[in-house]
Amino acid sequence: MAISPKIVITDLKTPVNGTLVVLTDEDLAIGAAAKAALKPSGDLFQRVAKIEHFKGKRNKVLDLAAPSGLKLEHLVVAGIGKAKEMKAEDWLKLGGSIMGKLPAGVRNATVLAEIAAGKLSAEDAAQIALGMKLRAYKFDRYKTKKKDDDDEPKPAAAEIRIAVADATAAKKAWAAADGVGDGIVLARELVNEPPNVLFPAEFARRASELKKLGVQIEVLDEPMMKKLGMNALLAVGQGSERDSRLVIMRWNGAKKKAETPIAIVGKGVCFDTGGISIKPAASMEDMKGDMAGAACVTGLMHALASRKARANVIGVIGIVENMPDGNSYRPGDILKSYSGQTIEVINTDAEGRLVLCDALAYTNQRFKPKLIIDLATLTGAILIALGQEYAGLFSNDDKLAERLTEAGKVTGELVWRMPLAPYYDKMIDSKFADMKNTGGRFGGSITAAQFLQRYIGKTPWAHLDIAGTGMAAHNTEIGDSWGPGWGVRLLNEFIAAYCEK
Ligand code: BES
Ligand code: MN
Ligand code: ZN
């Protein structure tokens, strides 16, 4: 894992040294502790703000080195805009913006988590801390030379203190948020790792490390899956030198141990060449991220276990590599899936649904969960439809769809509902088998979802197509990681809001 600053919670009375961060609204009004701390500098902040045209707009951050009158290395002023409009996600982004502005080489930084109108809640303070943690994440394990002229903000602070009015409550909130942050970082790591390092057995090994947090782990290897009849998943991996795996992770945190669990299922294609229906060379390297669904599930399980979520959650990931080879599966092959339904392979590049159909049917049959949510970098078509801001949401259950949409709005990990209908379902009927694995050019994300729907029976189910959001992410306040760890916060929020009551 890349450098991660130590973040601690203190109270507003703790003496400050090194760098001080204060929050200001768009009237340039600051909190009481900030006022007291800045007193020896007179009207310095106001003067600098004027010269720099700094108006306290949200996520605009001002950095003053060696501020006169103050025993500080830096004074950093972060804008929150209109305090009343700040929501949980905005505090997170604010934390990220602050981290991005902390000067390289900073040793200690204290953020006064207060505003002119008064105290910040423990949760909001924890979101600032989480934003800082996420922004500090860097995937640079494979860079052996450090550039001198690298003027990117470096997370060099030895210790970051978040000073709040109620430190006891904030410590508790941060302990939980920090666990979620570790889950996001884990998901990012898994997506960023190159495919020669992260192949199915290695992915399974990393997921198995969640045992330390009290997650029960089962790893199914190829002979076990063969016995169970998971021939669709196995077909995808059969052209690879690297054996496939299915990992089952169980977190039993509900008060009633026997409570029916919910299940989260992820597509884990460690590398997707397309197989015999091989992909063009351009950007094929991106297909190392075709396991972002599985990475999210693994990161989520980490998050739930570390914050001891009061819910029973099963995470299942199907992990394979899709390669062309003398032993690869072919277009024209007919596969008998775990559910018993047969599939005519039209295109070996439509492999994600083959992995998921066995993982979904198995999860549904074995655990009879209350609901199933799957995440998959399933179709290029979802990028055409929604770009990289919203994930595609498909569901057979309006309540589940609404709740996921709501959790999306709270976290900023947005989902947009797409249709399912008999018309689209017909498009995957096959001449030779129960169904085919592609439905033609039109509505590609929908026919993929229709395919999955044939494997979940009547269980409330939602499918998130994260091909646009789960990898090759653009820079945001909370980081520039190629693998953004998308979905961990969304599902953590969904579970906290609707499954832990
Ligand atoms: N992993 C890809 C989808 C994908 C594309 C993810 C771009 C992320 C970025 C998936 O396995 C795939 O190849 N889908 C095909 C399906 C087609 C053959 C029906 C696609 O989208 O072209
Ligand atoms: Mn593919
Ligand atoms: Zn794929």
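Each reported figure results from applying straightforward, stated rules to the coordinates on display, with no laboratory input. Given the structure is predicted, the values throughout are model-derived calculations rather than measurements. As a convention, Cβ positions derive from the backbone with ideal geometry for all residues, glycine included, and neighbour counts pool all protein chains shown.
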query: By count of other Cβ within 10 Å, fewest leading, how are K138, K39, K55 ordered?
result: K39, K55, K138
query: If you stretched the chain out fully between K227 and K55, how much longer would it get, using 0.36 nm times the residue separation minus the C-alpha to C-alpha distance?
result: 55.4 nm
- prompt: Once amide H atoms are placed 1.01 Å from N in the peptide plane, what residues at a sequence separation of 5 or more from R417, or on another chain, have their amide H within under 5 Å of its amide H?
  reply: L393
- prompt: Along the Cα-to-Cβ line of E500, 7 Å from the Cα, sits a label point; which residues in the range 295-312 have backbone N less than 18 Å from it?
  reply: 297-312
query: Between A350, G229, N437, whose Cα lies farthest towards the positive end of the dipole of the range 198-498 when Lys and Arg beta carbons carry +1 and Asp and Glu beta carbons carry -1, centred on the Cα centre?
result: G229
task: Neighbouring Cβ atoms within 10 Å as the yardstick, rank V410, V16 fewest first.
output: V410, V16
- request: Multiply the residue gap between K211 and Q46 by 0.36 nm, knock off their C-alpha separation, and tell me the result in nm, one decimal place.
  value: 54.1 nm
task: Mark the label point 7 Å from the Cα of N347 along Cα→Cβ and return the residues of the range 323-340 whose backbone N is within less than 14 Å of it.
output: 331-332
- prompt: So how far, in whole Å, is the C-alpha centre of the range 472-501 from the one of the range 232-266?
  reply: 20 Å
field: Taking the C-alpha atoms of the range 1-105, convex hull volume expressed per residue in Å³
entry: 118 Å³
field: Phi to ³J(HN,Hα) by Karplus 6.51 cos²θ - 1.76 cosθ + 1.60 over the range 20-27, Hz, x for Gly, Pro
entry: 10, 10, 10, 9, 10, 8, 7, 9
field: Inter-label distance for K143 and K6, nm, one decimal - labels placed 7 Å from Cα along Cα-to-Cβ
entry: 2.5 nm
- request: Report the Stokes-Einstein translational diffusion coefficient (µm² s⁻¹, integer) for the range 155-311, Rh taken as the Kirkwood radius over Cα pairs, at 25 °C with viscosity 0.890 mPa s.
  value: 139 µm²/s
- prompt: Can you list residues whose amide H is under 5 Å from A462's amide H, if they're 5+ apart or on another chain and H is modeled 1.01 Å from N?
  reply: I372, I373, D374
- request: Under 1.5 on a/c is rounded, so check that first for the range 198-498, then, if it is not, pick prolate when a/b is larger than b/c and oblate when it is not; a ≥ b ≥ c are the square roots of the alpha carbon gyration tensor eigenvalues.
  value: rounded
message: Using the crude model of +1 on Lys and Arg Cβ and -1 on Asp and Glu Cβ, and no other charge, please compute the dipole size for the chain relative to its Cα centre, in debye to 20.
response: 1340 debye
query: In sequence order, what are the phi-derived ³J(HN,Hα) couplings for the range 249-266 according to the Karplus relation 6.51 cos²θ - 1.76 cosθ + 1.60 with θ = phi - 60°, rounded to whole Hz, with x for glycine and proline?
result: 10, 10, 10, 10, x, 5, 4, 8, 4, 8, 4, 4, x, 9, 10, 10, 10, x
message: For a Förster distance of 56 Å, can you work out the FRET efficiency between the beta-carbons of E26 and F432, rounded to the nearest 0.05?
response: 0.30
- prompt: What ranking of C499, C270 emerges when the number of other C-beta atoms within 10 Å of each C-beta is taken as an exposure proxy, fewest first?
  reply: C499, C270
query: Which net charge results when you count Lys and Arg as +1 and Asp and Glu as -1 among the other residues whose beta-carbon is under 12 Å from that of M284?
result: -3
- request: Assuming a ≥ b ≥ c are the square roots of the Cα gyration tensor eigenvalues, decide whether the range 278-355 counts as rounded (a/c under 1.5), prolate (otherwise, with a/b larger than b/c) or oblate.
  value: oblate
message: Below 8 Å, C-alpha to C-alpha, sequence gap of six or more: please give me the relative contact order for the chain in percent.
response: 16 percent
The range 269-310 - charge dipole about Cα centre, Lys and Arg +1 at Cβ, Asp and Glu -1, debye rounded to 20: 420 debye
field: the range 6-179, dipole about Cα centre (Lys/Arg Cβ +1, Asp/Glu Cβ -1), debye to the nearest 20
entry: 260 debye
task: Please report how far the C-alpha centroid of the range 273-330 lies from that of the range 38-91, rounded to the nearest whole angstrom.
output: 43 Å
message: Distance cut-off 20 Å, Cα to Cα: go down the list K60/K82; K255/K458; K6/K101; K138/K171 and report the pairs above it.
response: K255/K458; K138/K171
query: Whose amide H sits under 5 Å from the amide H of D11, counting only residues 5 or more places off or on another chain, with H placed in the peptide plane?
result: V164
